[in-house]
Amino acid sequence: MKTILVIEDNLAIRENTVELLELLGFQVASASDGRSGLQLIQEIRPDSVLCDVLMPGMDGYAVLSELRSQACYTPIPFYFMSAIAEVKDRQRGIDLGATGYLIKPFTEEELLQCL
């Protein structure tokens, strides 16, 4: 069973995403901010990470930069999920090493394609 980490500061979106992933058969962990998300990555070593871009404190770009700076975490697929749909923002995520970029709201099919 794959373990997915969801890092999302919006409680409703986080809970809905976690519930959907669990219904699809994934084991899911979640964090409400970037710092606790990084800590969970080190603790549970998830198979994939879904991370919001805009979060207080440490945004998703900083989470990804920190993750990619450590070679042992480079293989973990990392997907941004954001309502920011501009090409320059998506390209920034890809340039930092993101595996993909989901535009909110996304469908179940779009989510499954990532995982």
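Only the coordinates and a few stated rules stand behind these numbers; no lab work does. In this text, all values refer to a predicted model and were calculated from it rather than measured experimentally. Every residue, glycine among them, receives a Cβ derived from its backbone with ideal geometry; neighbour counts consider all protein chains shown.
Averaging the sequence gap over all C-alpha pairs within less than 8 Å and six or more residues apart, then dividing by the number of residues, gives the chain a relative contact order of 22 percent. Per-residue packing, averaged as other Cβ atoms within 10 Å, sorts the ranges 18-24, 31-37 into the order 31-37, 18-24, beginning with the highest. Please report, to one decimal in angstroms, the Kirkwood hydrodynamic radius of the range 3-114 built from all distinct Cα-Cα pairs. Here the Kirkwood hydrodynamic radius works out to 13.7 Å. Subtracting the Cα-Cα distance of Asp47 and Ala12 from their residue separation scaled by 0.36 nm leaves 10.3 nm.
Rounded to the nearest 20, the size of the Cβ-charge dipole of the chain about its Cα centre is 340 debye, with Lys and Arg at +1 and Asp and Glu at -1.
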